[in-house]
Amino acid sequence: MPATYLPKDLRQSWPRPSDPRPIVVIGAGGIVNDAHLPAYAKAGFTVAGIYDLDPARAQATAAKFKIPRVFDSLPQAAATPDCVFDIAVPPEAELAVASKLPEGSVVLLQKPMGPNLVEARRIRDLCRQRGLIAAVNFQLRFAPMMLVIRDALDRGLLGEILDVEVRLHVRTPWELFPFLKKLPRVEIAVHSVHYLDLIRGFLGEPRGVYAKTIGHPEAAGLANTRSSVILDYGQATRVSLAINHHSLLAPENEVADVTLQGTRGSASASLGLLMDYPKGKAETARICARGEPWEDVPLQGRWFPDGFVGTMSNLQRFVAGQDDKLMTHFEDAFRTMAVVEAAYESDRQGGIPPANE
């Protein structure tokens, strides 16, 4: 692709709302401190208050980010008028928290949408019944490098997509997430759900799912840390995920990328956040015309925290009538959870044994 052909204004960020509502954060765990609140500070959003089951943790987070109010109870937090409720609690607690919010509330739910499809359906039905304007925080869609690819796709630079690959060979320090040891589902439900949602955003609904997810001999106590997933998009498009969170490669040899190949061009993004985690490496986006060298797209942000700015901005703008679509609407997120469930069902059924005559 000649340099003059590659647009210099490929989209990397979501527009900010003109008059954002204040945010009430429910939960003060690691993801709130590492991503949600840094994102809101960067975007200039007002955080009106925070609540957590652990008052000391809520107080510490409030002091760190200069949040003016720590709520004594969930009902007290839920009584805040004209706000956005940012529910950042474990998946199994989302339904209980959402059920305590007033009808018609504006809500950003943490991903995944519950721990399984049964709970996701209950959350979906609750949102319908109570008229909640709710999105799920699938923020990889809003990461700068993924917005670049989305824009290139929308502008026709890639043509019809023929091939999508997600490759991860990294050493994730699972010891930083001890709560995962009690979960029967780890890798696909907690991590690769991001990629399944991202691919749905690019290609729409798959016809079927084939998957195998396993643990690792050196990852004692974790249900699974490695997965292979194939999504069926018919005879024209191949989609595969090769995910290994317990790679034995040296940090400098780790790989984490998403690549799309189309009839006109290709795009690739490097997920630097995941390599040598939590230190991380640079994130990149590249585009090329068919048969031509890659061309780097200079990035102005990162998945964390900018992706979190995007999900909140889209929700705020949708409520204000500035966006006509809520990109990660709970109805759309439910369909991602259906793909996750299909992957686990495929894993349960197993492969077809070869004939042994």
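Pull out all pairs, ordered by first then second residue, where Cβ-Cβ is under 6 Å, the residues are six or more apart or on different chains, the first lies in the stretch 151-162 and is not assigned by TED's automatic domain parsing to the domain that holds Gln261, and the second is not in a helix (DSSP H, G or I).
none
Among the candidates Gly234, Gly208, Gly221, which residue alone is within 22 Å of the chain's Cα centre (by Cα), more than 27 Å from Phe142 (Cβ to Cβ), exposed (fewer than 14 other Cβ atoms within 10 Å of the Cβ) and not hydrophobic (A, V, I, L, M, F, W, C)? Outline the logic, then answer.
Values: Gly234 fails: within 22 Å of the chain's Cα centre (by Cα); Gly221 fails: within 22 Å of the chain's Cα centre (by Cα).
Unique residue meeting the criteria: Gly208.
Can you tell me which residue within the stretch 169-200, out of those that are in contact with a helix residue (DSSP H, G or I) (Cβ under 9 Å, 6 or more places away or on another chain) and among the aromatic types (Phe, Trp, Tyr), is nearest to Pro90 (Cα to Cα)?
My answer is Phe177.
Sort out which residues of the stretch 151-174 are at pLDDT below 95 and part of a helix (DSSP H, G or I), and write them in order of number.
Scanning the stretch 151-174 gives a single hit, Trp174.
For the stretch 179-228, which positions are of a type in the set (Val, Ile, Thr), within 19 Å of Ile31 (Cα to Cα) and in contact (Cβ under 8 Å) with a residue 60 or more places away in the chain? Quick ask: steps written out before the conclusion?
We begin by selecting, within the stretch 179-228, every residue of a type in the set (Val, Ile, Thr); these are 186, 188, 190, 193, 199, 209, 213-214, 225.
Then drop every residue that is not within 19 Å of Ile31 (Cα to Cα), which leaves 186, 188, 190, 193.
Ile188, Val190, Val193 - these are the residues of the stretch 179-228 that are of a type in the set (Val, Ile, Thr), within 19 Å of Ile31 (Cα to Cα) and in contact (Cβ under 8 Å) with a residue 60 or more places away in the chain.
The values are calculated or read from the model by the stated rules, or taken from the named source; none is laboratory data. Keep in mind that this is a model prediction, so the values were computed, not measured. Cβ coordinates were reconstructed from backbone atoms using ideal geometry, including for glycine residues, and neighbour counts include every protein chain displayed.
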